[in-house]
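Please treat every number below as a calculation from the coordinates, not as lab data. Predicted model, so just to flag it, every value in this text is computed and none were measured. Backbone-built Cβ (ideal geometry, glycine too); neighbour counts: all protein chains shown.
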Amino acid sequence: MLTPEQKQQFDDQGYLVIDPQIDTAVIDGVVERIGNGLLLGDGPDQQRIADAWRRDAGARQIAKAPAVLAILEELYGRKPLPFQTLNFRVGTQQKEHSDTVHFNAAPAGYMCGVWVALEDIDENNGAVIYYPGSHKLREWNMADVFAEPDLGARRPKPLYPPLSPKALRHRLKGLGPLLDTTAEYTLYEEFIQRQLPKMGIPPALATIRKGQAFVWAANLLHGGSRRNDLSRTRHSQVSHYYFEGCKYHRPLLNSDGKTRYFKPDWVV
């Protein structure tokens with residue numbers, strides 16, 4: 001399905017634009033029901049809907065599109081397993097990050113994202129901004145963040161004493177200490193902003209047409225570009241994938257340095 005040139009590009013640059021072969025009626029239905037209907041939006045402005053696949057067959061179809069699954073298996077040599085969907089009505093303008101801080105695997109690298117354009121996306125309505133080739137940089141984690149003296153000094157303390165009943169119950173569930181992950185992630189974003197000028201990699205915009213998809217490797221630095229036209233929407237769906245035969249963990253939830261594996265809720 002993929003040409004040798006496409007495989008080489010993904011290996012060298014960490015991204016690929018593909019045709020996910022999703023029916024237009026499915027796309028338009030998701031826009032109408034989720035993008036315009038804003039099913040139980042989980043963001044403060046209700047512009048992002050997490051895991052709509054649980055309630056909407058169209059979102060589930062996009063995440064499990066046969067062409068997408070076949071392409072990912074070609075790229076990674078393992079069966080892809082979708083585990084999360086995010087639907088957007090407008091661009092996020094989110095600061096640059098690597099998905100490896102949120103979702104990671106052992107062996108490393110077996111995670112990726114696929115962003116499907118549910119309408120035309122250009123430089124004015126908040127296209128994804130990304131740094132080609134940045135996936136080859138080492139994975140920056142919270143230990144790197146806290147190693148910066150000023151960021152480490154601002155590291156939030158656990159929400160509860162380590163031997164308190166709440167903290168102990170949390171650990172019994174296999175989770176890390178009860179931490180303010182929102183505050184920790186803000187420090188991570190500051191750290192990444194410091195790295196961008198040091199990389200020597202110019203950013204690019206994923207300007208893709210309705211029905212196209214942008215595939216990126218887990219460690220590719222990316223974010224949401226500026227919304228130059230605030231009157232426009234940017235209907236899109238991101239699906240995240242792990243791969244078969246791996247162990248899965250969430251580094252941001254385990255910023256004490258211990259790796260605690262978990263079982264994802266697979267898209268079924």
Lys64, Lys258 arranged by Cβ crowding within 10 Å, fewest neighbours leading: Lys258, Lys64
Lysines with Cα under 17 Å of Lys95, excluding same-chain neighbours fewer than 8 positions away: Lys198
Long pairs among Lys79/Lys210; Lys7/Lys136; Lys166/Lys258, criterion Cα-Cα beyond 24 Å: Lys79/Lys210
The chain: equivalent-ellipsoid semi-axes (sqrt of 5 x gyration tensor eigenvalues, Cα, Å): 29, 21, 20
